[in-house]
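Colleague: My questions will all concern the structure given below.
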Amino acid sequence: MSRIGKMPITIPAGVDVKLEEGNFMTVKGPKGTLCRQLAPEITITIDNGVMEVTRPSDLKKIRSLHGLTRTLIDNMVVGVTAGYKKSLEIIGTGYRAAKAGNKLTLTLGYSHPVEMEDPEGITSEVEGNTKIHVSGIDKEKVGQYAANIRAKREPEPYKGKGIRYQGEHVRRKAGKSGKK
């Protein structure tokens, strides 16, 4: 049995979960609504505020879908109650970020500023001019948008300049050695 898949999901007060045929799930909470089509092979039962995910057989595909389905449902429930947040740091002389409306402008040492527009349902905030906070209710979209921002100038290994996740450790390399 999957260790993750067999754990029950507790549905908090104020969260409404609807399961339609074909495993189409809608989760509505105080922060918003999320919908997702889940694997039809997996059985989902809701009873007295507790949701359980079970699998019909032990085929390799079904076993891998078991834990995935449970995690996707849990991420939806957590998203509509607490939401998700990713923080990024900009490190480098002259590197900075600015926010105007829903447009994020990054100055990253290129000949032009890099402009990014916040996707629907995702908000980004700039703290100071070197910290960016990306937040929203969909864990997948928050992580993808943060990864897209980081990809504009990934941290390089010699000086460590670039955009990194808060708390990310960048492995540094030694530079050139002197004369031979």
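The values are calculated or read from the model by the stated rules, or taken from the named source; none is laboratory data. The structure presented is a predicted model; accordingly, all values stated were derived computationally and were not measured. A quick note on method: Cβ atoms are made from the backbone with ideal geometry, for glycine too, and the neighbour counts reach across all protein chains shown. Side chains included, ligands, DNA and RNA excluded: accessible areas come from the protein's heavy atoms. Shrake-Rupley method; radii C 1.70, N 1.55, O 1.52, S 1.80 Å.
Colleague: Can you give me the number of residues within segment 89-106 that are of a type in the set (G, A, S) and open to solvent by less than 20 Å² (accessible area, probe 1.4 Å)?
Modeller: The qualifying residues number 1.
Colleague: Also: Among the residues that make up segment 33-56, is at least one of them in contact (Cβ under 8 Å) with a residue 60 or more places away in the chain and open to solvent by 30 Å² or more (accessible area, probe 1.4 Å)?
Modeller: no
Colleague: Okay, next question. For segment 33-68, which positions are under 21 Å from K139 (Cβ atoms), among the small types (G, A, S) and in contact with a strand residue (DSSP E or B) (Cβ under 9 Å, 6 or more places away or on another chain)?
Modeller: G67
Colleague: I need the full set of residues from segment 77-104 which are of a type in the set (S, T, Y) and within 21 Å of the chain's Cα centre (by Cα), in order please.
Modeller: T81, Y84, S87
Colleague: When you go through (1) closer than 24 Å to L72 by Cβ; (2) touching a Phe, Trp or Tyr at 6+ places or on another chain (Cβ under 9 Å); (3) of a type in the set (D, E, K, R) one by one for E120, which number turns out not to apply?
Modeller: Exception for E120: condition (2).
Colleague: Taking segment 33-47 on its own, how many of its residues are outside any strand (DSSP E or B) and more than 18 Å from K6 (Cβ to Cβ)?
Modeller: Qualifying residue count, segment 33-47: 1.
Colleague: Moving to a separate point now. Restricting attention to segment 73-88, does a residue exist that is over 22 Å from I9 (Cα atoms), open to solvent by 20 Å² or more (accessible area, probe 1.4 Å), of a type outside the set (S, T, Y) and outside any helix (DSSP H, G or I)?
Modeller: The answer is yes; a qualifying residue exists.
Colleague: Another question about this same structure. For segment 77-135: of the residues being touching a His at 6+ places or on another chain (Cβ under 9 Å) and of a type in the set (G, A, S), which is farthest from K18 (Cα to Cα)?
Modeller: Taking the candidates together, the pick is S87.
Colleague: A further question follows. When you go through G14, G5, G109 one by one, which is the residue that is in a loop (DSSP other than H, G, I, E, B), on the phi > 0 side of the Ramachandran plot and either surrounded by 13 or more Cβ atoms within 10 Å (Cβ to Cβ) or free of Cβ contacts under 8 Å to residues at least 60 places away in the same chain (or both)?
Modeller: Within the list G14, G5, G109, the selection yields G109.
Colleague: Let me ask something else. Among the residues of segment 133-152, are any within 20 Å of the chain's Cα centre (by Cα), over 18 Å from K31 (Cβ atoms), assigned to a loop (DSSP other than H, G, I, E, B) and modelled with pLDDT of 95 or more?
Modeller: Within segment 133-152, one or more residues are within 20 Å of the chain's Cα centre (by Cα), over 18 Å from K31 (Cβ atoms), assigned to a loop (DSSP other than H, G, I, E, B) and modelled with pLDDT of 95 or more.
Colleague: When R63 is evaluated against the numbered criteria (1) under 11 Å from G5 (Cβ atoms); (2) touching a residue at least 24 places away in the same chain (Cβ under 8 Å); (3) open to solvent by less than 20 Å² (accessible area, probe 1.4 Å), which criterion, by number, is the only one it fails?
Modeller: All conditions pass for R63, except number (3).
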